[in-house]
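Below is one structure, written out as structure tokens; the observations come after it.
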Amino acid sequence: MNDSPAVAAQPKVDFGPPALLCASSFWECAPAGLPAVCFWRRNPVGRPVRIFAVGDTAFSGRVAASLEGRSSPIAGGVAALLQSGDIVFGNLEGSLSDSIPRGSLFAAPASAASLLSDSGFTLLHLANNHAYDYGPAGLGSTLAALASAGVTPLGAGTDSFSARRPVRTDRRGLRIGWLGCGRSECAPASDGPQFWEFDEAELLQAVTSARREVDFLVASLHMGFMYVDYPHPDHRTLARRLAQAGADLVLMHHPHVLQGIEITPEGRGICYSLGNFLLDWREGNVAPEVMIAEQNQGAILLFDVDREGVSLMAALPTRIEARSTVQWATGEAGRKILRRLARLSDDLKGDCTASFWKQRSERNTVLAVRVMWFHLSRGHWAVVWNGLKRVRREHLTMLARWIRQFFRHPAETAAP
């Protein structure tokens, strides 16, 4: 953008393919057999600030059983790493409230906020498609629970201004700013607790303005298409525009599977999907029985940052166990996760458009029809009508592509 303020110039650096290493290269207390992948590394300027980022996190569904058993679902030493970070970021899916009946979809008791804090979390993104599952009251109780636990919310607040205001997490003299929004297709209330509904022009302007006030800027967005390996082409364009406008790091989440990582020639990072960190993949009106293994594979993204930007970008693999606890993925299980992440990142050097549309048709069509049938069969006419109003040409194209594929290969296309 020609009218963007000057950003600290970073030298263009040639970087090779992601390198598989031992996690002890970045964390001296790493358990034996835990691998890691390094995407970017340069000599830091001074002592860097360490940021950890994880994807979708919820304490509802089967995860809630661990809360009732007074044990932490963040197990296997994973919390020890998070506790060592200067800033720990995640996307919180659902509401935290003691007034919502136990067992409700995407709702957990307020005590989950303290568990998150005790596990090392300092910053949680709230502007997502579950922000208003229980209306402004549900969001308000979530904000209150996080405040009591000392965790900072991102993308939501007591009013519109606070929801959009840049969050500052300064450490060791480094001014670090965060902006967070999401595409929920649910209009925020006119008053009371609100979240930042995505608007591209508004977000780009916010990045430009915030850049003037900080040394390092992160933009967090909840958007994307579920269970697909690659980002929508428009989302790639948006992420690159945010980086050009001044975001040193762009973190995206919502697809529920890991997607690739892109590094600009100037060393700015774009993570197209942080995947699932701790989530019951079966939770919802219809179980998404697609990419099940990948839904239970995750990673903790590690970023060392300084006044020149990102000096280290790496990932350590995690997995969600059958008991809905998150643990380290050691040995071959971890290397499999990281090889997939490295492959998807390498694919981003080319054109992934055709692969995106093919996968979206194959992995999303049947699930969308099943969800619509769920609501139709129960007479949820308002939900059905709102869904039909959002139908666009690309949805019809997706359906037509799936129908053609079904008649060519019916056995492969009949179920997700």
Residues satisfying the stated conditions in the range 248-270, i.e. free of Cβ contacts under 8 Å to residues at least 60 places away in the same chain and not in a strand (DSSP E or B): PRO255, VAL257, THR264
Output for the range 183-199, where each listed residue is within 18 Å of the chain's Cα centre (by Cα) and outside any loop (DSSP other than H, G, I, E, B): PHE195, GLU197
When residues of the range 48-85 are limited to those that are over 19 Å from the mean Cα position of the chain (by Cα) and charged (D, E, K, R), the one nearest to LEU301 (Cα to Cα): ARG62
Flag for GLY260 being surrounded by fewer than 20 Cβ atoms within 10 Å (Cβ to Cβ) and over 22 Å from GLY77 (Cα atoms): no
Residue among ALA144, ALA127 that is among the small types (Gly, Ala, Ser), assigned to a helix (DSSP H, G or I), at pLDDT 95 or above and in contact with a Leu (Cβ under 9 Å, 6 or more places away or on another chain): ALA144
Long-range neighbours under 7 Å by Cβ, at least six apart or interchain, first residue without any contact (Cβ under 8 Å) to a residue 40 or more places away in the chain and on the phi < 0 side of the Ramachandran plot within the range 281-295, second open to solvent by 30 Å² or more (accessible area, probe 1.4 Å) and assigned to a helix (DSSP H, G or I): TRP281/ILE292
Among (1) open to solvent by less than 30 Å² (accessible area, probe 1.4 Å); (2) farther than 25 Å from ARG175 by Cβ; (3) not in a helix (DSSP H, G or I) - the single one SER71 does not satisfy: (1)
From the options GLY140, GLY103, GLY155, residue that is open to solvent by 10 Å² or more (accessible area, probe 1.4 Å) and on the phi > 0 side of the Ramachandran plot: GLY103
Test: residue in the range 233-242 that is surrounded by fewer than 24 Cβ atoms within 10 Å (Cβ to Cβ) and at positive phi: no
Checking VAL369 against (1) within 27 Å of the chain's Cα centre (by Cα); (2) at pLDDT below 70; (3) farther than 20 Å from ARG183 by Cα, the condition it does not meet: (2)
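This table checks each residue for (1) open to solvent by less than 10 Å² (accessible area, probe 1.4 Å); (2) at pLDDT 95 or above; (3) among the aliphatic types (A, V, I, L, M); (4) in contact with a His (Cβ under 8 Å, 6 or more places away or on another chain).
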| position | (1), (2), (3), (4) |
| --- | --- |
| VAL286 | no, no, yes, no |
| ASN296 | no, yes, no, no |
| LEU301 | yes, yes, yes, no |
| VAL305 | yes, yes, yes, no |
| ALA322 | no, no, yes, no |
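The values are calculated or read from the model by the stated rules, or taken from the named source; none is laboratory data. These numbers were taken from a predicted model, which means no experiment stands behind them. Backbone-built Cβ (ideal geometry, glycine too); neighbour counts: all protein chains shown. Just the protein is used for accessible areas: all its heavy atoms, side chains included, with ligands, DNA and RNA removed. Shrake-Rupley method; radii C 1.70, N 1.55, O 1.52, S 1.80 Å.
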